[in-house]
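The values are calculated or read from the model by the stated rules, or taken from the named source; none is laboratory data. All values derive from a computational prediction rather than experimental measurement. Neighbour counts are summed over all protein chains in view; Cβ atoms, including those assigned to glycine, are modelled from backbone coordinates with ideal geometry.
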Amino acid sequence: MRKKIVAGNWKLNNDKHETAQLIVALLSDPIPSDVRVMIAPAFTHLVQAKTLTEGTALEVIAQNMNAATSGAYTGEISARMLNSIGINQVILGHSERRAYYNETDLSLKEKVVTALEHDMEIIFCFGEELDQRKAEKHFEVVKSQLEIALFDLEPASWSKIILAYEPVWAIGTGETASPEQAQEIHAYIRKIIAEKYDNTLAESVSILYGGSVKPGNAASIFSQTDVDGGLIGGAALNANDFKAIFQST
Ligand code: PEP
């Protein structure tokens, strides 16, 4: 039985004070025991976030990392650095990283390998763009993304992989895939994992949906058989909205 997961990606938002305020507000009610709740603050606030969440069920994760462990990569953050402050989970392949920083499935494959070498759990994001959906190419697009970035992994590595299907046309746009659209493609994703590996592995992988999830639509999306929770952007910046979303699982 897969436990639901709700992860908030805070992106380039919140200074030190706002980060602390939001964490304190999130912790003002107990985190339900049937859901894993994660937050991804900026790198500069990860240490503070770890301190504030110590002893709680709120998990602190990173938004990105470099494929290299050390070296001449000005401005970058490594898995080893994250490990050293107790961060063992990372989001990789967010569509904004793909769009603005030229990340590709091939370059993400390297990041995935490095993250796994550092025993990190990975939320791997992928999903089609609007023109691809309109051309009904979304199935082949997600298949190719997974084949390139993840399908060379050993079966055992999949215990560290959480998938986040995020149709690019739904991210930060207010447009959401309908619950039926989400279920259709999540079931397809699980099917191609089963074909590549086996049913047991496919059934064990958590597949999150991301794209304009709000308190009003979370329950209907999360109730779909193959939707195991969500990756949340905008609504994760408001404590009441984010709580309402993770309480909808
Ligand atoms: C995201 O950035 O991963 C995301 C899903 O954003 P939003 O919820 O704002 O669409």
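One table, with the values for the structure above:
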read-out	value
Conditions (1) exposed (fewer than 14 other Cβ atoms within 10 Å of the Cβ); (2) farther than 22 Å from residue 19 by Cα; (3) modelled with pLDDT of 95 or more: number failed by residue 120	(1)
Tally, over region 78-94, of residues that are farther than 21 Å from residue 54 by Cα and surrounded by fewer than 22 Cβ atoms within 10 Å (Cβ to Cβ)	1
Residue among 99, 156, 149 that alone is over 22 Å from residue 187 (Cβ atoms), at pLDDT 95 or above and in contact with a helix residue (DSSP H, G or I) (Cβ under 9 Å, 6 or more places away or on another chain)	99
Pairs where the first residue, in region 211-227, is of a type in the set (Val, Ile, Thr) and the second is within 13 Å of the ligand (Cβ to nearest atom), C-beta under 6 Å, 6+ apart	213/230; 213/232; 221/182; 221/209; 227/182; 227/209; 227/221
Residue 159 of a type outside the set (D, E, K, R), out of contact with any Cys (no Cβ under 7 Å at 6 or more places or on another chain) and free of Cβ contacts under 8 Å to residues at least 12 places away in the same chain	no
Considering residues of region 119-137 that are under 18 Å from the mean Cα position of the chain (by Cα) and outside any strand (DSSP E or B) only, the residue farthest from the ligand (Cβ to nearest atom)	119
Count of residues meeting criterion [over 18 Å from residue 128 (Cα atoms) and touching a residue at least 12 places away in the same chain (Cβ under 8 Å)] in region 82-101	8
Residue list for region 1-49, restricted to those being under 19 Å from residue 79 (Cα atoms), of a type in the set (S, T, N, Q) and surrounded by fewer than 19 Cβ atoms within 10 Å (Cβ to Cβ)	44, 48
Any hit, region 183-202, residues being buried (at least 23 other Cβ atoms within 10 Å of the Cβ), at pLDDT below 95 and touching a helix residue (DSSP H, G or I) at 6+ places or on another chain (Cβ under 8 Å)	no
Unmet requirement for residue 235, which otherwise passes all of (1) farther than 18 Å from residue 1 by Cα; (2) modelled with pLDDT under 95	(2)
Residue 79 vs. criteria hydrophobic (A, V, I, L, M, F, W, C) and either in contact with a Leu (Cβ under 8 Å, 6 or more places away or on another chain) or over 30 Å from residue 151 (Cβ atoms) (or both)	no
